[in-house]
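To start, the structure under review is shown below, and the notes come after it.
The values are calculated or read from the model by the stated rules, or taken from the named source; none is laboratory data. Bear in mind that the values here come from a model prediction, so they are computed numbers and not experimental data. Positions of Cβ are backbone-derived with ideal geometry, glycine not excepted, and every protein chain shown enters the neighbour counts.
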Amino acid sequence: MSYVLIIGAKSDIAKACAREYAKHGYDLCLAARNVNELSEFAQDVTTRTQKSVKLLELDILDYKSHQGFYDSIEEKPLGVISAVGYLGEQEKAQSDFEEAKRIMDTNYTGVVSLFNIIADDFEKRRSGFIVGISSVAGDRGRKSNYIYGSAKAALSAYLSGLRNRLYDAQVHVLTVKPGFVATKMTEDMDLPEKLTAQPDEVASDIFNAQQKGKNVLYTKWIWRWVMLIICSIPEFQFKKMSI
Amino acid sequence: MSLLSWGMYPKVTNTVFKFNSEERLKEIISEYNDLIPYGNGRSYGDSALSSNIINVKPKDYFIDFDEEQGLLHVQAGVLLSEILEAYVPRGWFLKVTPGTKLITVGGAIASDVHGKNHHVEGCFSECVKEFEIMLADGEVVTCSKETTPDLFRATCGGQGLTGVILEAKIYLKKINSQYIDQTTIKTKNLKETFAAFEEYQDKPYSVAWIDCLAKDKEIGKCLLMVGDFRDDGKLDYRLKPQKSIPFNFPSFALNNWSVRTFNWLYYGKAKEGVSKQRVDIDTFFYPLDAIGHWNRIYGKNGLTQYQFILPKETSYEGLEEILTAISKSGKGSFLAVLKLYGKANNNWLSFPIEGYSLALDFKIEKGLFELLDQLDEIVVKHKGRIYLTKDVRVSKETFEQGYPHIEKFRQYRKANKMDSKFQSYQSKRVGI
């Protein structure tokens, strides 16, 4: 069985990825907390594609459970996609360390804990692919979401290092940096239409980039250039700006 | 962000409600008035616009498929394109499909859409076994022709004015190819066009493209395209990536001259007389879906589609009169689609009746509504009717004269307190 493991499977991007991979002939394993909430979605994917979809309970913040979680999977996946993410509230996180910690742990620590385990296995087997969904917010810290951004920056650096480490084992690592995406996470924001991707566009970009063995994917593609500009603004200027 | 319709006219602002549970939808319905369900925003006018919009598109789960019966169970926000993507490779096709696949199943029911095979298969409601709908009091009812005939007749074609469709079970049809053997017949005038329709009536799919800027003796000249599925076992259907119009064209881009040139090229490229082609599903059924946001070609003021149908007895005379009026006005339309329909069904507001229908796209500009009022008079005189799904301006009087069951629909809405909850700008204008 050639299946793909998707963690953080309740997110809109994860669901779009699930449909995209199933459409291209992959069976799936979806992991999330309270995963039974995904049973109707699993039925959706199966009805569309005739692919099998298994559901696995996983709490990304319960680090101790991760080894057991992965060991309990009898047949190991062909590849893994992490769409784990928590935007949180920037202002709250500034004064409430619990919120800040939750943002960092969900976006970074938890993913590292699980990816470490999976990377070891893939390295040993000398096969597999790893897709980590980071964010353009990690490319430069801004006052509106720098705690989330810093966690994503850490994740991007982690994925870059992991790619370097696993190169010899022929395990491919893809870093995904979405810009604005129209999801539950951004529901209340007023996003500019031309810069905002739909989850299924992101999923299709991810599938193509992973199949082609790309290293870093900006989606929509224009974000590569947007971020190039944002990152090239001198710090003495940037600190005065509100973007 | 406010939602507009496909015509991008009228420019309105609205509050958009999403719901992720029936409880939430019930709350929305009990708390607000002037609600109208909205699918993928492909109706042209104001039939799915109101100050409060219920966005059903996110409800897009496939639930089950019964291979024995070809019966597909989906949520109302599933697009027809998603059904094709999943089921054409397995040898299934929609029994009834309109000229775009980018509409939701809920929208297909609410507009009781029809396609090139109306003369054989009828409207979309013919393939609907049953659907679930939340009514004005928040109750969820499973509705079918047999169990709740009045609700079925009111809802199919009822423009979302009876409640929010949540799920539907629809029958698909077996196909053995994603290719169609198409015959194109080039005619020289309206008389030849009518004769060609009659001659090819036994073909399951037919539609004609009319050059509505043709003058005098050439009025009504057309390319009639008829066809049926092949039997070659090739089912390798994939959705093609769309080319998209990135921004609104300046409104002068579409003028009498450019439309005339387009029509001349389109008509000219077809062979004289009868010719045969092999085309795929997307080319045959959904030519315009290949260009995303094609409505932007009409400029920022938007467009409307004028679609009417005349009974067979009055069709020839009426069409001649209308085509002459359009030709005189010089207001162009890329798309003028003519089709011969089969018998009407029992749904109270479904558009099709036995006869000829013509659909024309116009950009919104000065003098257009006056022209359309003038066309309305001709339609009414010949006992025809206007298609609500395309309409944005028809008067109450014109509308009423075309739909003899309108009183039943009104009474039904009133009796079930639907009229105090569900309203669109259109329903208010035409008094339903």
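For the stretch B:396-418, filtering for residues that are free of Cβ contacts under 8 Å to residues at least 24 places away in the same chain and over 19 Å from B:HIS382 (Cβ atoms) leaves 5.
The C-beta contact set for the stretch B:54-65 (first residue more than 9 Å from every other protein chain (Cβ to nearest Cβ), second residue surrounded by fewer than 19 Cβ atoms within 10 Å (Cβ to Cβ) and of a type in the set (S, T, N, Q), distance under 9 angstrom, 6+ apart or interchain) comprises B:PRO58/B:ASN20; B:LYS59/B:ASN20. The residue that is nearest to the other protein chains (Cβ to nearest Cβ), counting only those in the stretch B:72-99 that are part of a loop (DSSP other than H, G, I, E, B), out of contact with any Phe, Trp or Tyr (no Cβ under 7 Å at 6 or more places or on another chain) and closer than 25 Å to B:THR389 by Cα, is B:GLY77.
Being small (Gly, Ala, Ser), within 14 Å of chain B (Cβ to nearest Cβ), touching a strand residue (DSSP E or B) at 6+ places or on another chain (Cβ under 7 Å) and buried (at least 20 other Cβ atoms within 10 Å of the Cβ) is a property that does not hold for A:ALA9.
Only one of the numbered conditions (1) within 14 Å of another protein chain (Cβ to nearest Cβ); (2) in a helix (DSSP H, G or I); (3) over 13 Å from the mean Cα position of the chain (by Cα) is violated by A:MET104, and that is (1). Collect the residues in the stretch A:26-40 that are surrounded by fewer than 21 Cβ atoms within 10 Å (Cβ to Cβ) and either within 15 Å of A:VAL84 (Cα to Cα) or in contact with a helix residue (DSSP H, G or I) (Cβ under 8 Å, 6 or more places away or on another chain) (or both), keeping them in residue-number order. Within the stretch A:26-40, A:ARG33, A:ASN34, A:VAL35 qualify. A Cβ distance below 8 Å, combined with a sequence gap of six or more or placement on separate chains, defines the contacts here; from the stretch B:278-290, residues that are modelled with pLDDT of 95 or more reach residues that are assigned to a helix (DSSP H, G or I) and crowded, with 19+ Cβ neighbours inside 10 Å in the pairs B:ILE281/B:LEU84; B:ILE281/B:VAL88.
In the set (1) in a loop (DSSP other than H, G, I, E, B); (2) farther than 18 Å from B:GLY158 by Cβ; (3) of a type outside the set (D, E, K, R), the condition left unmet by B:VAL16 is number (1). For the structure I just gave you, tell me whether A:LYS76 is away from chain B (no Cβ under 14 Å), over 18 Å from the mean Cα position of the chain (by Cα) and not acidic (Asp, Glu). When the stated conditions are applied, A:LYS76 passes them.
Filtered by the rule that a residue be under 16 Å from B:SER251 (Cβ atoms) and within 14 Å of chain A (Cβ to nearest Cβ), the stretch B:1-20 gives a lone residue, B:MET8. Any residue at all in the stretch B:233-249 that is buried (at least 17 other Cβ atoms within 10 Å of the Cβ), of a type in the set (Ser, Thr, Tyr) and under 30 Å from B:ALA86 (Cβ atoms)? Within the stretch B:233-249, one or more residues are buried (at least 17 other Cβ atoms within 10 Å of the Cβ), of a type in the set (Ser, Thr, Tyr) and under 30 Å from B:ALA86 (Cβ atoms).
Given the options A:SER144, A:SER160, A:SER113, name the one that is polar (S, T, N, Q), over 23 Å from A:SER204 (Cβ atoms) and touching a Phe, Trp or Tyr at 6+ places or on another chain (Cβ under 7 Å). Matching residue, one of A:SER144, A:SER160, A:SER113: A:SER113.
The sole residue among B:ILE281, B:ILE291, B:ILE297 that is surrounded by 14 or more Cβ atoms within 10 Å (Cβ to Cβ) and in contact with a Ser or Thr (Cβ under 8 Å, 6 or more places away or on another chain) is B:ILE291. Looking across the stretch A:80-128, just one residue is out of contact with any helix residue (DSSP H, G or I) (no Cβ under 6 Å at 6 or more places or on another chain), more than 16 Å from A:TYR63 (Cα to Cα) and either of a type in the set (Val, Ile, Thr) or buried (at least 20 other Cβ atoms within 10 Å of the Cβ) (or both), and that is A:PHE122.
Residue count for the stretch B:8-56, restricted to those that are within 19 Å of B:ILE103 (Cα to Cα) and acidic (Asp, Glu): 1.
If you check A:ALA83, A:ALA100 for being at pLDDT 95 or above and in contact with an Asp or Glu (Cβ under 9 Å, 6 or more places away or on another chain), only one passes: A:ALA83.
For the stretch B:43-71, filtering for residues that are under 19 Å from B:GLU132 (Cα atoms), touching an Asp or Glu at 6+ places or on another chain (Cβ under 8 Å) and either part of a strand (DSSP E or B) or β-branched (Val, Ile, Thr) (or both) leaves 2. The requirement of being more than 14 Å from chain A (Cβ to nearest Cβ) and either crowded, with 19+ Cβ neighbours inside 10 Å or more than 20 Å from B:ARG296 (Cβ to Cβ) (or both) is satisfied by B:GLU31. Contact annotation: residue pairs with Cβ atoms under 6 Å, 6 or more positions apart or on different chains, pairing a residue in the stretch B:236-263 that is among the basic types (Lys, Arg) with a partner that is part of a loop (DSSP other than H, G, I, E, B), are B:ARG260/B:LEU213. Taking the residues in the stretch A:26-60 that are of a type in the set (Val, Ile, Thr) and more than 14 Å from chain B (Cβ to nearest Cβ) as candidates, determine which candidate is farthest from the chain's Cα centre (by Cα). The qualifying residue farthest from the chain's Cα centre (by Cα) is A:VAL35.
Taking the numbered list (1) more than 12 Å from chain A (Cβ to nearest Cβ); (2) surrounded by fewer than 21 Cβ atoms within 10 Å (Cβ to Cβ); (3) out of contact with any Ser or Thr (no Cβ under 9 Å at 6 or more places or on another chain); (4) touching a residue at least 24 places away in the same chain (Cβ under 8 Å) in turn, B:LEU102 passes all entries but (3).
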